[in-house]
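To start, the structure itself, in structure tokens.
The values are calculated or read from the model by the stated rules, or taken from the named source; none is laboratory data. These numbers were taken from a predicted model, which means no experiment stands behind them. Cβ placement follows ideal geometry from the backbone for every residue including glycine, while neighbour counts extend to all protein chains displayed.
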Amino acid sequence: MRNFLFLILLSLLVFSCKKDKPMPREPVIELVSVGPTNIVQFKDSIEVVLKYYDNDGDLGDYLPDENSLMVKDSRLTLPDWYHISPLAPPDIELKIEGLLKIKINTMFLLGNGNQEFPTLSIKLKDRSGNWSNEIITSTITINDSL
């Protein structure tokens, strides 16, 4: 009986110990919402809401000319860049999470048609130079007029 009890306790000890996975240094983003997804060119703005997680709290930059948010329209070859202010106090390493709202002003048609259907690819870079995962929005319909 003693051996049986000892084996049970030993197995509980062995199987209950888990090694903690190292937390990733790069930020993680999730798409919460994008809308409206049916807009009139030069008139409507689009709001993209992202949820962010960062294990060392170094999202955003103190230098106003430092752009850390990349938004790429699927119709274009080069992305647009945006400045993000710091999302945590400086010189303190802490886990942070929250919502980030991005306003995309007045998208417009690039071709000759009455409608276009782009998506937006979004990535975030922290002050250490680590890039987040890339998210892609649902299709946005840009109309000449409604």
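Would you mind stating whether Asp126 is more than 20 Å from Val32 (Cβ to Cβ) and of a type outside the set (S, T, N, Q)?
no
So Tyr53 fits all but one of (1) of a type in the set (Ser, Thr, Tyr); (2) without any contact (Cβ under 8 Å) to a residue 12 or more places away in the chain; (3) in a strand (DSSP E or B); what number is the exception?
Exception for Tyr53: condition (2).
If only one of Leu59, Leu69, Leu76, Leu63 is touching a residue at least 60 places away in the same chain (Cβ under 8 Å) and of a type outside the set (D, E, K, R), which one is it?
Answer to the selection: Leu59.
Which residues, taken from the stretch 65-82, are under 12 Å from Lys123 (Cα atoms) and assigned to a loop (DSSP other than H, G, I, E, B)?
Asn67, Ser68, Pro79, listed by residue number.
Consider Leu12 against the criteria (1) at pLDDT 90 or above; (2) surrounded by fewer than 14 Cβ atoms within 10 Å (Cβ to Cβ): it satisfies all of them except one. Which criterion is unmet?
In the conditions (1) at pLDDT 90 or above; (2) surrounded by fewer than 14 Cβ atoms within 10 Å (Cβ to Cβ), Leu12 misses (1) alone.
Look through Met70, Met107 and report the one residue that is at pLDDT below 95 and buried (at least 16 other Cβ atoms within 10 Å of the Cβ).
Met107 is the lone residue from the list that is at pLDDT below 95 and buried (at least 16 other Cβ atoms within 10 Å of the Cβ).
With respect to Arg75, is the statement that it is surrounded by fewer than 17 Cβ atoms within 10 Å (Cβ to Cβ), under 21 Å from Phe117 (Cα atoms) and either in contact with a Leu (Cβ under 6 Å, 6 or more places away or on another chain) or at pLDDT below 95 (or both) true?
Taking the combined requirement at face value, the residue satisfies it.
Report, by residue number, each residue of the stretch 102-127 that is closer than 14 Å to Leu59 by Cβ and either in a strand (DSSP E or B) or of a type in the set (Gly, Ala, Ser) (or both).
The answer is Ile102, Ile122, Lys123, Leu124, Lys125, Asp126.
Please pick out the residue among Leu59, Leu94, Leu120 that is modelled with pLDDT under 95 and touching an Asp or Glu at 6+ places or on another chain (Cβ under 7 Å). Steps first, answer last, please.
Values: Leu94 fails: touching an Asp or Glu at 6+ places or on another chain (Cβ under 7 Å); Leu120 fails: modelled with pLDDT under 95.
Within the list Leu59, Leu94, Leu120, the selection yields Leu59.
For (1) in a loop (DSSP other than H, G, I, E, B); (2) surrounded by fewer than 17 Cβ atoms within 10 Å (Cβ to Cβ); (3) in contact with a helix residue (DSSP H, G or I) (Cβ under 6 Å, 6 or more places away or on another chain), each residue gets a yes or a no:
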site	(1), (2), (3)
Ile84	yes, no, no
Leu94	yes, yes, no
Leu100	no, no, no
Gly129	yes, yes, no
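So Lys21 fits all but one of (1) assigned to a strand (DSSP E or B); (2) at pLDDT below 90; (3) not aliphatic (A, V, I, L, M); what number is the exception?
(1)
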